[in-house]
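The block underneath contains the structure these notes are about, expressed in structure tokens.
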Amino acid sequence: MASYKPTKITVYPKLGEKVTQDTVYWKNYKAPIQIKEFGAVTNINFSPVAPHNFAVTAFTRIHIYGPFSHEPVKSFTRFKDTAYCGRFRSDGQLLVAGCEDSVVRLFDVNGKVALRMYKGHTKAVHVTDFTSDSYQILTGSDDYSCRLWDIPNATELNAYQEHTDYIRCGHLFSSECNRTSTFSQFVSKKEHRSYDHTLKVFDGRVDKSVMTLDHGQPVESLLLYPSEGLLVSAGGRFVKVWDLLKKGQPLVSLKNHHKTVTCLCLSSNGERLLSGSLDRHVKVYNTTSYKVVHNFDYAASILSLALAPNDESIVVGMTNGILNLKHRKNAEESKEISGQQRRRPSYRVFVKGKNYFPKQDDYLVSKPVKQHLAKYDKQLKKFNVSKALDTALEAWTRLKKPEITVAVIKELDRRGTLKNALAGRDEQGLSRLLYFLIGNLFDPRFAPVLVTAAEMILDIYQSVIGQSSVVDRQLLRLQEMLEREIDYQQELLEVLGMLDTVFASSLPRKEVPCSAISKSNGLTQGEGRLQLQAT
């Protein structure tokens, strides 16, 4: 007796991911390196000078890492409370940071003790940055004010107090007018929250703001384009771009994240914008069309994000204290992996002896291979056609692997037992069948098989239509979808006819020369005379 042949499951081609230049570029990173910090990583800043070390602000410490080091090469731990916003100066020699104790500290990168301490704020300082001339510091605090400090004298030069809420992020212009862009955000001590939702642009030559922008959501991060004509703000689920040359006119509002956007970053060439969010994703946007061109997934909510010069490294800080580093592959590594030259060591084990052929005097001992059948094949082997179909219609199979269900229906139709398998079902079983048909009948891969099954179901159960509201609803829905599909097909045929007409009219016409041909019979004059004479 011949052995049972399992049901053949048709393998359909999968639609692969669309490979673009951005996909190749942003996937060309090595496996991530994860470093555990003492607390949530709230800020990451790269040094502008080689070797481009980066400062990581987490809890009460600021660690400085080398470009390829897994351990900090320098640590600043002289903070009495949580540190915020550690940033390098343009020469990479000084580092400024705020603190929960309202004191701003200035450090020498090669030292340990703070060179200067700026006291004047009354609450936590979350924003620190150096001006373009490297002799002044801008700070923003929870006391609703941002202040400008002189580095050598440690004195306050100016204070801007137009905000009514906490100031949580800011950015400096590099132009001579020393304009500053800040944002205020407030979280009250009570259970409810109140936010300012505004961005204010200040001019260093005057004491009041020159521009106010309404983001509409509590803003978490600011970014200024190198041209200083466009400002990007992130808050809530929105990333908004503002044109400062047109008095703060909003250009684009992006809503691609599912949770609050916490950080922004710009690529080295300025052509890609990156945003990190609490939804554990980093989105990469094209700064021309502002469409998402790539996406990174991480294990925890993202608080900070930074790119090394030339995009050599991407560093992400998360709420669980994990620092995630990805380094770009060099040309040799990319070529080696793309050529698939590296194989796992276990590959040799699997191919060992595959090319060996027995000799004439060898005695071949073969071990019988036990055949493992799926549940539906076991029922088909026993000729339980209804149970085989029920097994193929289980929730996981019909939702995740509909091709298995379709293959079982096709096998039953080939055996001539499909009608028996479909008959004799109760309301629940028939509803499950109709649900599968509604979801897959109009799939071009499954339509040839499922149309036959749908016709059989209608023939078998036409006498019970109207007895179950659930089945009637599904039949009406199937009818609506069928009518809609027919309308789509008719519209497509009309469009196809229009395209054929357009293509036919666009083809160049070839003219046949007819100067020496008679219009009456297509013969030349000489040939006409010869025929007349012969007649």
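Descriptive notes on the structure:
- Using θ = phi - 60° and Karplus 6.51 cos²θ - 1.76 cosθ + 1.60, couplings along the stretch 143-150 (whole Hz; Gly, Pro as x): 8, 6, 10, 10, 10, 10, 10, 8
- Solvent-accessible area of the chain (1.4 angstrom probe, protein heavy atoms only): carbon and sulfur portion equals 52 percent.
- Sites Ser253 and Leu115 - FRET efficiency at Förster radius 56 Å, r taken between beta-carbons, to 0.05: 0.85
- Binned Cα-Cα distances of the stretch 200-284, short to long, each 10 Å bin given as a whole percent: 17, 48, 28, 6, 0
- Computed accessible area, Ile322, all protein chains, 1.4 angstrom probe, square angstrom: 30 Å²
- Label point at Asn269 placed 7 Å out along Cα→Cβ; residues across the stretch 18-54 whose backbone nitrogen lies under 15 Å: 20-28
- Three-way shape call for the stretch 27-97 based on the alpha-carbon gyration tensor, with the a/c threshold at 1.5: oblate
- Per-residue HN-Hα couplings for the stretch 454-466 [Karplus 6.51, -1.76, 1.60; θ = phi - 60°; Hz; x = Gly/Pro]: 5, 5, 5, 4, 5, 5, 6, 9, 5, 6, 9, 5, x
- For the stretch 417-447 versus the stretch 215-233, the gap between their alpha-carbon centres in whole angstrom: 54 Å
- Amide hydrogen proximity for Ser221: with H placed 1.01 Å from N in the peptide plane, the residues at 5 or more positions away or on another chain lying under 5 Å are Ala234.
- Between the beta carbons of Glu71 and Tyr435, assuming R0 = 41 Å, the FRET efficiency works out to 0.10 to the nearest 0.05.
- Among the listed pairs Lys74/Lys291; Lys112/Lys240; Lys18/Lys240, those with a Cα-Cα distance over 31 Å are Lys74/Lys291; Lys112/Lys240.
- Amide H contacts of Gly216 (H built 1.01 Å from N, under 5 Å, at least 5 apart or other chain): none
- Unit Cα scatterers, Debye sum, the chain: log10 I(q)/I(0) for q = 0.10, 0.11 Å⁻¹: -0.93, -0.99
- Exceeding the 32 Å Cα-Cα cut-off - candidates Lys27/Lys410; Lys208/Lys326; Lys5/Lys419: Lys27/Lys410; Lys208/Lys326
- The share of C-alpha pairs in the stretch 22-329 whose separation exceeds 24 Å stands at 50 percent.
- Nitroxide proxy distance, nm - points 7 Å out along Cα→Cβ at Lys5 and Lys370: 2.5 nm
- Accessible surface area normalised per residue over the chain is 60 Å², counting heavy atoms of protein chains with a 1.4 Å rolling probe.
- Extension reserve of the Phe357-Arg484 stretch, reckoned as 0.36 nm per residue once the Cα distance is removed: 39.7 nm
- Residues of the stretch 32-47 falling in the label zone of Ala299, defined by backbone nitrogen less than 18 Å from a point 7 Å along Cα to beta-carbon, are 32-42.
- Amide N of the stretch 127-146 lying under 11 Å from the label point, which is placed 7 angstrom from the Cα of Gln161 along Cα→Cβ: 144-146
- Extension gain (nm, one decimal) between Lys401 and Leu496, 0.36 nm per residue minus Cα-Cα: 30.8 nm
- Computed on the stretch 70-184, the Cα convex hull volume stands at 108 Å³ per residue.
- Over the stretch 1-142, equivalent-ellipsoid semi-axes from the Cα gyration tensor in Å: 49, 18, 16
- Phi angles of the stretch 48-57 translate, via the Karplus equation with coefficients 6.51, -1.76, 1.60 and θ = phi - 60°, into HN-Hα couplings of x, 10, 5, x, 6, 5, 10, 9, 10, 9 Hz per residue; Gly and Pro are given as x.
- Peptide ranges 358-371, 197-210 listed from the most packed, as the mean C-beta count within 10 angstrom indicates: 197-210, 358-371
- Under a 5 Å amide H cut-off, with hydrogens placed 1.01 Å from N, Lys123 pairs with Asp142, Asp143 among residues at least 5 apart or on other chains.
- Modelled this way, with points 7 Å down the Cα-to-C-beta line, the labels at Asp203 and Ala50 are 4.2 nm from one another.
- The stretch 375-491 pair-distance distribution - Cα-Cα, 10 Å bins, rounded %: 13, 46, 33, 7, 1
- Selection from Ser267, Tyr25, Pro48, by position along the positive dipole direction of the stretch 22-329 (Cβ): Tyr25
- Taking the helices alone, the chain has a mean residue ellipticity at 222 nm of -8000 deg cm²/dmol, built from -39,500 (n - 2.57) per DSSP H run of at least 4 residues and averaged over all its residues.
The values are calculated or read from the model by the stated rules, or taken from the named source; none is laboratory data. Note that the structure is predicted; figures quoted are calculated from it, not measured. Quick reminder, even Gly has a Cβ in these numbers, built from the backbone with ideal geometry, and neighbours come from all protein chains shown. Accessible surface is based on the protein model in full, side chains and every heavy atom, while ligands, DNA and RNA are left aside. Shrake-Rupley method; radii C 1.70, N 1.55, O 1.52, S 1.80 Å.
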